[in-house]
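Have a look at the structure below before the remarks.
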Amino acid sequence: MIDQHLHTYFSFDSDAQFEDYLRQTTTPLVTTDHLELANPDDAGRDDMPDYAAYVAKLDRLHQQYPNQLLRGVEVGYYAPRAADLAAYVAAHDYDLVLLSVHHDGHHDYLDDSFKQADLQALVHTYYDKMLTAVQAVDYADVLAHFDYGLRIHSVTPAQLIAWAKPQLTQIFAAAVAKGLAFELNTKSMYIWGNAALYDLAIPWYQAAGGTKFTIGSDAHVTTLYRDHFAEASAQLQAHGVTHIVEYRHHQPTPCAL
Ligand SMILES: [Zn+2]
């Protein structure tokens, strides 16, 4: 099973080396480095993977390792820069594109400043941005970490139902209409402690007609490669899911759990 959410030094916030992932596996490897424009976590800079250097690195690794090497990117949607994001993705050849909502133009949603916010209002605003992203984007394969904006907070399952079920129902309907898979982000689930929220969201996505799932560690250090994948697989199976999907040239192929 491919870990379909990984970062390397092509991301602004990681120093991870491809070789340290490749030493751990004989399966295909796909890295999904950040495309994050007007990034508040990087002084407002436009963080764009150096695609030419990325492909050159994959070509060199191909000479040294037997693994199939796939190309991926994690797009941080930010509405004011939607056209620039679309242009970047259109100009480069990828196997896998993740769609994320990380920041509001002022702060990343992991920033401490959000801890002062009214939690219900924050959840509503975050999912408003996510719905806009899903409706606007036509180039993504996977909706990544649906709970990113909730990670630093303690939103209970009862609160998610009360505050966000209608919005998430809309988001998942739009995601299914766009063909997006739902990501089980094991960092969110088992490091940030949101596994119970995924237990709610998985059947909501299924009720919207969604059948495609991926599992991603969101590793920024290579020790977290495929972190907690057995637990995530079991959690999917508890919802009647028998396969995840793996992306090549944006085409999903099933892989048994
Ligand atoms: Zn992310």
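The values are calculated or read from the model by the stated rules, or taken from the named source; none is laboratory data. This is a predicted model, so every value here is computed, not measured. Please note: Cβ atoms are built from the backbone with ideal geometry, for glycine as well, and neighbour counts cover all protein chains shown.
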Qualifying position, being of a type in the set (A, V, I, L, M, F, W, C) and more than 25 Å from residue 173 (Cα to Cα), among 30, 73: 30
Residue check for residue 72: buried (at least 17 other Cβ atoms within 10 Å of the Cβ), within 15 Å of residue 137 (Cβ to Cβ) and at pLDDT 95 or above: no
Any hit, the range 97-109, residues being part of a helix (DSSP H, G or I), more than 14 Å from the ligand (Cβ to nearest atom) and in contact (Cβ under 8 Å) with a residue 40 or more places away in the chain: no
Neighbours by Cβ (under 8 Å, 6+ apart or cross-chain): first from the range 137-161, within 14 Å of the ligand (Cβ to nearest atom); second basic (Lys, Arg) and at pLDDT below 95: 152/115
Lone unmet requirement of (1) farther than 19 Å from residue 216 by Cα; (2) crowded, with 19+ Cβ neighbours inside 10 Å; (3) in contact (Cβ under 8 Å) with a residue 60 or more places away in the chain for residue 5: (1)
Residue within the range 152-170 that is within 28 Å of residue 250 (Cβ to Cβ), buried (at least 17 other Cβ atoms within 10 Å of the Cβ), under 15 Å from the mean Cα position of the chain (by Cα) and not acidic (Asp, Glu) present: no
Output for the range 22-36, where each listed residue is farther than 17 Å from residue 248 by Cβ and either within 12 Å of the ligand (Cβ to nearest atom) or crowded, with 22+ Cβ neighbours inside 10 Å (or both): 33, 34, 35, 36
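One line per residue, one yes/no per condition, for (1) closer than 27 Å to residue 93 by Cβ; (2) among the aromatic types (Phe, Trp, Tyr); (3) surrounded by fewer than 23 Cβ atoms within 10 Å (Cβ to Cβ):
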residue	(1), (2), (3)
179	yes, no, yes
192	no, yes, yes
207	no, no, yes
227	no, no, yes
234	no, no, yes
239	no, no, yes
242	no, no, yes
248	yes, no, yes
253	yes, no, yes
